[in-house]
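Colleague: Can you keep this structure in mind? I'll have questions shortly.
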Amino acid sequence: MELIFILGLISLAGFIILRSAKLFTIQLLLVLSIFAIEATGVTVLPTVWSVIQMILGVFFIFKFTKAIDQNYQLVLEKTHQVPSDLTTGGFQW
């Protein structure tokens, strides 16, 4: 359970870095609900919450690597090492 909690805290901080308000709110509610469930002593729900936490952790890793790749591509375009693709016609998210 400690590993799941650590993954939750890392992804919570990561969603702040990625500036994703919706995912940050979902992650914060999930971490707080895990605390509440642990206090009640229910044994079934922590497993479900752990699976959801792992899915959010994997989603965070995917989004983070995508952001890193996009930033690297922008740096390559800025230094004229690759042809302009992302910045052609203005930068759009």
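Colleague: Please tell me if Phe91 is of a type in the set (A, V, I, L, M, F, W, C) and at pLDDT below 75. Spell out how you get there, then give the answer.
Modeller: On the way: of a type in the set (A, V, I, L, M, F, W, C): yes; at pLDDT below 75: yes.
It is true that Phe91 is of a type in the set (A, V, I, L, M, F, W, C) and at pLDDT below 75.
Colleague: Okay, moving on. What are the residues in the range 17-36 that are under 15 Å from Phe62 (Cα atoms) and either part of a helix (DSSP H, G or I) or in contact with an Asp or Glu (Cβ under 7 Å, 6 or more places away or on another chain) (or both), if any?
Modeller: Passing the criteria: Ile17, Leu23.
Colleague: List the number of the failed condition for Ile52; all other conditions in (1) part of a loop (DSSP other than H, G, I, E, B); (2) within 16 Å of Ile6 (Cβ to Cβ) hold.
Modeller: With respect to (1) part of a loop (DSSP other than H, G, I, E, B); (2) within 16 Å of Ile6 (Cβ to Cβ), Ile52 is out only on (1).
Colleague: Identify the residue in the range 7-25 that is of a type in the set (A, V, I, L, M) and open to solvent by 90 Å² or more (accessible area, probe 1.4 Å) and, among all such residues, is farthest from Ile68 (Cα to Cα). Give the steps one after another, and end with the answer.
Modeller: The first filter runs over the range 7-25 and keeps only residues of a type in the set (A, V, I, L, M), leaving 7, 9-10, 12-13, 16-18, 21, 23.
Subset that is open to solvent by 90 Å² or more (accessible area, probe 1.4 Å): 10, 16-17.
Values: Ile10: 17, Ile16: 15, Ile17: 12 Å.
By that ranking, first place goes to Ile10.
Colleague: Taking Thr43 as the residue in question, decide whether it is at pLDDT below 75 and polar (S, T, N, Q). Lay out the reasoning, then the answer.
Modeller: Values: at pLDDT below 75: yes; polar (S, T, N, Q): yes.
The answer is yes for Thr43.
Colleague: Continuing with this model, one more query. Among the numbered criteria (1) surrounded by 15 or more Cβ atoms within 10 Å (Cβ to Cβ); (2) modelled with pLDDT under 80, which single criterion is violated by Leu30?
Modeller: (2)
Colleague: Specify the residue that is least open to solvent (accessible area, probe 1.4 Å); the eligible residues are those in the range 55-84 that are without any contact (Cβ under 8 Å) to a residue 40 or more places away in the chain and in contact with a helix residue (DSSP H, G or I) (Cβ under 6 Å, 6 or more places away or on another chain).
Modeller: Here the residue is Val82.
The values are calculated or read from the model by the stated rules, or taken from the named source; none is laboratory data. Just so it is clear, the model here is predicted, and its values are computed rather than measured. Using ideal geometry, Cβ is built from the backbone for each residue, glycine included, and neighbour counts are taken over all protein chains shown. Protein only, heavy atoms only, side chains kept; ligands, DNA and RNA dropped before computing areas. Shrake-Rupley method; radii C 1.70, N 1.55, O 1.52, S 1.80 Å.
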